[in-house]
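Taken together, the values in this text are just the output of simple stated rules run on the coordinates, not laboratory data. In this text, all values refer to a predicted model and were calculated from it rather than measured experimentally. Ideal geometry is used to build each Cβ from the backbone, glycine not excepted, and the neighbour counts take in all protein chains shown.
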Amino acid sequence: MASRSTIKIRSKRFPEHTLVRTLIAHSMETGKRKDKDSGELIPAHFIQTLSFKHNDKLLSECHMGFGISKNPFFSFKIKQANVGDKVTISWKDNLGFSDSKDHIIQ
Amino acid sequence: MQIRRRQFIKNLVTASVSIALFTFSKISFGKWLLADFKHRSIEKTLQELFPDKVIKKSRKIKLKLPKTAENGNVVPITITSTIDNIESVYILSEKNPVPLVAKFTLDHSLEPYIGARFKMQETCDVIVIVKAGEEYFQARQKVKVTIGGCGG
């Protein structure tokens, strides 16, 4: 993976909850799409697991297939979060690549 | 003698593989399972994911889905619910080659809310199943797909 992170995280605090949104740069290939030039099948390459942590506590774990869109987007709402809290998103795909990113709630 | 030895080795291999599979499947609880994301029909998927479970229809699950998805590659979904003690949420698309799109576990310090984007092959029902304690609830909604988003 490139040195730039594949994960973008945004958070917004509301009186009742904190909304965390994440966008991951990933091709999510199904393995059925054909290359336009060569006509060959592009091998399946998709995220399998994604974990969402708040101050190192696992809040959600998501298992997915290639039914999730290219450049996956997810959003969660934490009931109670304070300024300075850390949220971590990490993913792992079927070819063994992975990435993780921390975000501090403002 | 030759055949006997061969048979013995065969048995040995089968036995060790099954033991390995058994222990592996026990350890890998919580790991991504290929068996959950197999190509099969929606009926089989539901049967294998929720064997002998009664999945009640519930109005306490609210789905925000477009009525028509012009591009099946990106269908936004927002799930909210007023059911207590939700443990996990499953998103299924009835006519996708792999009907199970994703499953989430939810901690109680999260609001019962999930937003995501997924692919749909063709016009069909989107089913969301929620597990709360030992009970299962479902909600479904039809989405019309103009251009399919799986393969092609």
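In nm, give the distance between the simple-model label positions of A:F14 and B:L34, each being 7 Å from the Cα along the Cα-to-Cβ direction.
4.1 nm
Under 5 Å between amide hydrogens, which residues at least 5 positions from B:E111 or on another chain qualify, with H placed 1.01 Å from N in the peptide plane?
Residues meeting the amide H criterion: A:K77, A:I78, A:K79.
As I understand it, the dipole of the range B:32-147 uses +1 on the Cβ of Lys and Arg and -1 on the Cβ of Asp and Glu, about the Cα centre. Which of B:Y90, B:V130, B:A69 lies farthest toward its positive end?
B:A69
Using the Cα gyration tensor of the range A:1-83, with a ≥ b ≥ c the square roots of its eigenvalues, what is the shape: rounded (a/c below 1.5), prolate (a/b larger than b/c) or oblate (neither)?
It is prolate, given that a/c is not under 1.5 and a/b is the larger ratio.
Residue-wise, which Karplus ³J(HN,Hα) couplings in Hz belong to the range B:42-51, taking 6.51 cos²θ - 1.76 cosθ + 1.60, θ = phi - 60°, and x for glycine or proline?
Once θ is set to phi - 60°, the couplings for the range B:42-51 become 5, 4, 5, 4, 4, 4, 7, 6, 10, x Hz.
For B:K95 and B:E70, compute 0.36 nm times the residue count separating them, minus their Cα-Cα distance, and round to one decimal in nm.
Length gained, B:K95 through B:E70: 7.3 nm.
Where the only charges are on Cβ atoms (+1 Lys, Arg; -1 Asp, Glu), what is the dipole of the protein assembly as shown about its Cα centre, to the nearest 20 debye?
About 260 debye.
Of B:R59, A:R33, how do they rank once you tally other Cβ atoms within 10 Å and put the fewest first?
Details: B:R59 8, A:R33 15.
So the residues, fewest neighbours to most, are B:R59, A:R33.
By how many nm would the segment from B:K56 to B:S16 grow when fully extended, if each residue of separation counts as 0.36 nm and the alpha-carbon distance is taken off?
10.3 nm
Quick one: which residues, 5 or more positions from B:S81 or on another chain, have an amide H under 5 Å from its amide H? H modelled 1.01 Å from N in the peptide plane, none for Pro or chain starts.
The answer is B:K62.
Against the longest alpha carbon principal axis of chain B, how many degrees, from 0 to 90 and to the nearest 10, is the axis of helix B:2-27 turned?
That helix lies at roughly 30 degrees to the long axis.
What FRET efficiency, computed as 1/(1 + (r/R0)^6) with R0 = 35 Å and r the Cβ-Cβ distance, is obtained for B:I9 and A:A25, rounded to the nearest 0.05?
E(calc), rounded to 0.05, equals 0.10.
Quick check for me: using +1 on Lys/Arg Cβ and -1 on Asp/Glu Cβ, what's the dipole size of chain A about its Cα centre, in debye to the nearest 20?
Dipole magnitude for chain A comes out near 400 debye.
Calculated FRET efficiency, B:D84 and A:E40, Cβ-Cβ r, R0 51 Å, to nearest 0.05?
For R0 = 51 Å, the calculated efficiency reads 0.50.
Check each of the GluC sites (Glu not before Pro) in the range A:27-72 and keep only those in coil by DSSP with at most 16 other C-beta atoms within 10 angstrom; list them in order.
Numbers: sites: A:E29, A:E40, A:E61; in loops: A:E40.
Here the GluC sites (Glu not before Pro) that fit, given the DSSP loop and packing criteria, are A:E40.
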